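Engineer: I'd like to ask some things about the structure below.
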Amino acid sequence: MDLKLEVFVLPVSDVDRAKAFYEKAGFRLDLDKTANEDWRGVQFTPPGSECSIIFGKGVTSAAPGSGQGIYLVVSDIEQARAELVERGIEVSEIFHDADFFYHGHEGGEVIHGLEGQQRLAGPQPERASYGSFATFSDPDGNGWVLQEITERFPGR
């Protein structure tokens, strides 16, 4: 059985502000539909992705900004970061971890779940797949993580 993630519901407080942000970030607008005064859905797809985001009015009861740790996989972290910055998106500097590549998320920022784990400046020195990151947040604080993957783990 195939189970494919198609849509992620993103909680936002201002639909038009969120729409402008994701347009600016270069996501493709798929849908902006109003059913009535209590429901409006807006769907965007990140470039090259098979999974979309949807947000709007009446779409979710989740608190705006509570979407955290939403990963966007990129093949070149420096190029992806530069393109977002060029579009006017505030993106963290590129970083990597001293050891283990697992992160937690809080308020749009990557945090380290292991005591003593260090976040180091710049891409992972050998540019190991899964090893380099950058973060950004939308206007509500929904937290996104860019992760460079050049070679997938087996079975992916």
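Engineer: Just for the range 21-60: of the residues that are among the basic types (Lys, Arg) and touching a strand residue (DSSP E or B) at 6+ places or on another chain (Cβ under 9 Å), which one is most open to solvent (accessible area, probe 1.4 Å)? Before the answer, list the steps.
Structural biologist: The initial filter retains those residues of the range 21-60 that are among the basic types (Lys, Arg), namely 24, 28, 33, 40, 57.
Of the ones still in play, those that are also touching a strand residue (DSSP E or B) at 6+ places or on another chain (Cβ under 9 Å) are 28, 33, 40, 57.
Values: Arg28: 138, Lys33: 113, Arg40: 46, Lys57: 103 Å².
It comes out as Arg28.
Rundown of residues vs (1) among the acidic types (Asp, Glu); (2) open to solvent by 30 Å² or more (accessible area, probe 1.4 Å); (3) at pLDDT 90 or above; (4) farther than 16 Å from Leu84 by Cβ, yes/no style:
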| position | (1), (2), (3), (4) |
| --- | --- |
| Gly107 | no, yes, no, yes |
| Pro123 | no, yes, yes, no |
| Ser132 | no, no, yes, no |
| Pro139 | no, yes, yes, no |
| Pro154 | no, yes, no, yes |
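The values are calculated or read from the model by the stated rules, or taken from the named source; none is laboratory data. Just so it is clear, the structure is predicted and the values come from calculations on it, not from any experiment. Virtual Cβ from ideal backbone geometry, glycine too; neighbours counted across all protein chains shown. The accessibility values were calculated without ligands, DNA or RNA, using every heavy atom of the protein model including side chains. Shrake-Rupley method; radii C 1.70, N 1.55, O 1.52, S 1.80 Å.
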